[in-house]
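The values are calculated or read from the model by the stated rules, or taken from the named source; none is laboratory data. This one's a predicted model, so the numbers in the text were calculated from it and none came from an experiment. Positions of Cβ are generated from backbone atoms using ideal geometry, with glycine treated the same way; all protein chains shown enter the neighbour counts.
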Amino acid sequence: MTFVRVALDVPLSRLFDYRADDASAADIGLRAVVPFGSSGKTGLIVGVADTTDQPQDKLKPVEAILRDMPPLPGDWIALCEFCNRYYQHPLGQVMSFALPPMLRKGRLPKSRGKGRGASCKDAREVVRPPLLAEQQVAVEAITSARGFETFLLHGVTGSGKTEVYLRAIDAVLAAGKQALMLVPEIALTPQLEQRVSERFPGAQIVSAHSGVADAARARGFLDALEGRADIVLGTRLSVFMPLPRLALIVVDEEHDASFKQQEGLRYSARDVAVFRAKQLDIPIVLGSATPSLETYQHAISGRYRLLELHHRAVAEAPPEVRTVDTRREKLQDGMSAALIDALAVRLERGEQSLVFLNRRGYAPVLACPACGWVSRCRRCAANMVVHLADQRLRCHHCGLEAGIPKACPDCGNQDIHPFGRGTQRLDAALSERFPQARILRIDRDSASTPKKWQTLLAAIHAGEADILIGTQMLAKGHDFPRLTLVGVVGADAALFAADFRAPERLFAQLMQVGGRSGRHDLPGEVLIQTEHPGHPLYRALVEHDYAAFARTQLDERQMASFPPYSFQALLRAEARDMAQSLAFLAAARAAASPLTGGMVDLYDPVPMRMARLKNLERAQLLVESASRPALQAFLTAWMEQLHALKAPRELRWHLDVDPLEY
């Protein structure tokens with residue numbers, strides 16, 4: 001009798017055995033339809049054996065082994081097993097997450113490609129821009145790598161990192177191999193896909209992100225699995241694409257928080273990519289103008305190989321960065337006289353400007369000065385944002401909406417005001433001040449669909465906008481030749497945030513958005529409005545000195561034993577009542593105490609910074625260790641204890657390894 005071991009999409013850390021007399025070792029990696037509970041499920045076969053440790057008379061037979069596609073290879077299964085172990089997530093759920101929805105349900109797309117795509121060496125010749133000396137050194141280092149090596153390509157904005165990626169990919173395709181390129185956000189994928197397609201017209205390129213339809217996503221997955229895809233270009237989920245001839249992985253903007261999944265399987269695509277490169281013994285390139293401090297520390301310590309691009313590839317010099325001291329200046333609609341004057345100068349020259357404010361809506365809150373009422377969300381520990389154009393209050397966390405009241409709901413005062421400013425309010429103020437200017441606001445409200453986003457980008461490139469007002473959507477990956485001024489409004493709030501990662505995120509954000517200015521033959525300027533012009537973060541920005549900023553931050557983190565000098569995991573719980581969440585975490589902490597071995601620190605359970613979200617009260621428990629192996633061993637043992645705890649039915653909990661949000 002033959003038995004198959006199947007991984008199923010259920011929240012249980014175990015596999016399931018079934019009888020399958022026609023199964024063989026060749027079926028490992030195939031999908032199987034099996035009975036489970038009152039209905040059937042589709043899972044993945046991860047083992048075939050002649051014996052089982054389960055009572056044989058109680059085992060049910062497999063309903064069908066789906067042999068309509070090649071089996072998923074052993075390295076793909078091993079990648080999922082790594083995520084299962086490291087992120088403490090059930091293997092069946094990891095595999096289900098990594099598969100496209102259509103394949104997960106046991107179906108195949110109606111049409112599939114045939115044969116391998118044309119090789120780039122058979123394609124027409126393309127024009128490649130000449131390399132700077134630093135770019136040439138980087139390309140030679142990457143293409144001469146033999147086996148696993150992690151490169152940090154640290155280049156200032158506009159230094160031509162993408163050209164280095166493309167040259168390295170060119171060498172891989174010329175050898176008949178495959179390349180995987182990860183980008184942080186869906187908004188960056190279409191324009192990069194166009195550039196890659198123009199560069200490699202004979203290559204078969206698979207685009208993989210959440211905006212791809214289910215059937216197309218399944219076809220792309222099969223093209224990769226069956227060796228037809230030459231290049232896979234996508235967001236974090238594409239790290240799980242099966243590629244039998246994979247020879248290079250590139251992670252662009254490696255520092256970006258979008259690479260960390262924040263629900264379900266809470267994995268870091270960057271870290272999984274590094275593991276995959278090591279697993280396959282191939283090079284990986286992590287690129288950024290502002291590397292994450294974890295990555296930079298690995299580079300300066302010698303664990304990663306540092307490749308630096310100090311010069312811009314097109315523009316002669318980086319933009320001039322200046323701080324505008326707003327302590328003794330009365331701002332006009334949130335803008336300083338220096339910023340207003342600079343905008344006027346660009347309008348006269350026919351150049352583009354960008355005013356950066358990372359807060360959408362009209363104002364962050366509506367308030368009553370008489371009684372102190374504010375527009376709080378009843379479902380979250382957050383304020384509802386004023387969207388004046390729609391006459392709505394909206395919670396940006398749970399989506400709750402309400403009309404803007406005509407009077408204070410508590411005291412009846414009709415003189416209620418929006419406080420603070422968002423992109424919509426800035427739009428209104430600039431439209432009044434510069435009535436002749438063509439002003440374009442770009443945020444999640446104005447670019448709510450991919451089609452609207454592409455329309456806005458096309459308008460900018462066509463020169464149909466004079467002043468852009470944007471959030472972080474415009475901060476990275478864009479190249480606007482006539483944009484010469486970036487004004488930053490409202491950045492100070494992140495300087496003194498409770499999150500120890502806030503300064504790192506702010507520096508990266510401002511460095512990136514400033515890098516949109518002066519990327520071609522026109523000189524650029526960046527004006528940062530601040531009440532703290534002497535702050536070390538701003539001084540480093542003015543001097544374009546990432547290394548100085550990183551050293552300061554790393555020294556502070558080392559003194560505080562924060563990552564990368566420690567390793568962390570967060571156990572989070574949420575319930576209708578905060579007492580339930582805290583009680584569960586207290587029980588979890590008690591269960592953890594005997595397991596630490598003196599190598600793991602346990603902190604007290606506390607409410608999360610946003611203690612209530614969508615009517616659920618949330619709390620967390622931090623565990624920390626100076627040793628990653630010690631933390632992993634502890635987490636494996638702790639998970640068994642956690643599953644044994646009797647939690648209230650309405651309580652939900654999860655573990656987040658290497659958390660980015662606290």
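Restricting the range 481-490 to residues that are in contact with a strand residue (DSSP E or B) (Cβ under 6 Å, 6 or more places away or on another chain) and in a loop (DSSP other than H, G, I, E, B), which is farthest from residue 355 (Cα to Cα)? So, considering only residues that are in contact with a strand residue (DSSP E or B) (Cβ under 6 Å, 6 or more places away or on another chain) and in a loop (DSSP other than H, G, I, E, B), the one farthest from residue 355 (Cα to Cα) is 482.
Considering the range 362-381 alone, what residues qualify as being out of contact with any Pro (no Cβ under 9 Å at 6 or more places or on another chain) and either assigned to a strand (DSSP E or B) or buried (at least 20 other Cβ atoms within 10 Å of the Cβ) (or both)? Listed by number, the residues that qualify are 374, 376, 377, 380. If you take the residues of the range 561-602 that are free of Cβ contacts under 8 Å to residues at least 24 places away in the same chain and not in a loop (DSSP other than H, G, I, E, B), which of them is nearest to residue 627 (Cα to Cα)? My answer is 602. Residue under question is residue 644, and the condition is that it be exposed (fewer than 14 other Cβ atoms within 10 Å of the Cβ) and out of contact with any Gly (no Cβ under 6 Å at 6 or more places or on another chain); does it hold? Answer is yes for this residue. Taken together, the residues in the range 275-322 that are small (Gly, Ala, Ser) and modelled with pLDDT of 95 or more amount to 7. Only residues that are in contact with an Asp or Glu (Cβ under 6 Å, 6 or more places away or on another chain) and crowded, with 21+ Cβ neighbours inside 10 Å were counted in the range 419-468, giving 2. Of everything in the range 196-218 that is touching a Ser or Thr at 6+ places or on another chain (Cβ under 7 Å) and crowded, with 16+ Cβ neighbours inside 10 Å, the residue that is modelled with the lowest pLDDT is 209. Evaluated against (1) in a loop (DSSP other than H, G, I, E, B); (2) over 23 Å from residue 333 (Cα atoms), residue 451 falls short on exactly one condition, (1).
Pairing residues of the range 94-118 that are of a type in the set (Phe, Trp, Tyr) with residues that are outside any helix (DSSP H, G or I) and at pLDDT 90 or above, at Cβ distances under 7 Å and at least 6 apart in sequence or on separate chains, gives 97/264; 97/265.
Looking across the range 281-295, just one residue is among the acidic types (Asp, Glu) and not in a helix (DSSP H, G or I), and that is 281. If you go through the range 622-662 and keep only what is in a strand (DSSP E or B) and more than 18 Å from residue 264 (Cα to Cα), you end up with 622, 623, 624, 625.
Residues checked against (1) without any contact (Cβ under 8 Å) to a residue 12 or more places away in the chain; (2) within 31 Å of the chain's Cα centre (by Cα):
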site: 312; (1), (2): no, yes
site: 323; (1), (2): no, yes
site: 329; (1), (2): yes, no
site: 360; (1), (2): no, yes
site: 368; (1), (2): no, no
site: 371; (1), (2): no, no
site: 375; (1), (2): no, yes
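Does residue 527 satisfy the condition of being in contact with a helix residue (DSSP H, G or I) (Cβ under 6 Å, 6 or more places away or on another chain) and either part of a loop (DSSP other than H, G, I, E, B) or buried (at least 23 other Cβ atoms within 10 Å of the Cβ) (or both)? Here the answer is yes, as residue 527 does meet what is asked. When the range 8-37 is filtered for residues that are among the aliphatic types (A, V, I, L, M) and either surrounded by 15 or more Cβ atoms within 10 Å (Cβ to Cβ) or more than 18 Å from residue 52 (Cα to Cα) (or both), the ones remaining, listed by number, are 8, 10, 12, 15, 20, 23, 26, 28, 30, 32, 33, 34. If you check 167, 219, 195, 228 for being outside any helix (DSSP H, G or I) and charged (D, E, K, R), only one passes: 228.
If you go through the range 606-662 and keep only what is closer than 22 Å to residue 81 by Cβ and aromatic (Phe, Trp, Tyr), you end up with 634, 638.
Of the numbered criteria (1) within 20 Å of residue 193 (Cβ to Cβ); (2) not in a helix (DSSP H, G or I), the one residue 255 fails is (1). In this structure, residue 298 does satisfy being buried (at least 17 other Cβ atoms within 10 Å of the Cβ), in contact (Cβ under 8 Å) with a residue 12 or more places away in the chain, within 29 Å of the chain's Cα centre (by Cα) and in a helix (DSSP H, G or I). The single condition among (1) modelled with pLDDT of 95 or more; (2) among the β-branched types (Val, Ile, Thr); (3) farther than 21 Å from residue 143 by Cα that residue 172 does not meet is (3). Checked against (1) farther than 28 Å from residue 474 by Cβ; (2) touching a helix residue (DSSP H, G or I) at 6+ places or on another chain (Cβ under 9 Å); (3) buried (at least 20 other Cβ atoms within 10 Å of the Cβ), residue 223 passes all but condition (2).
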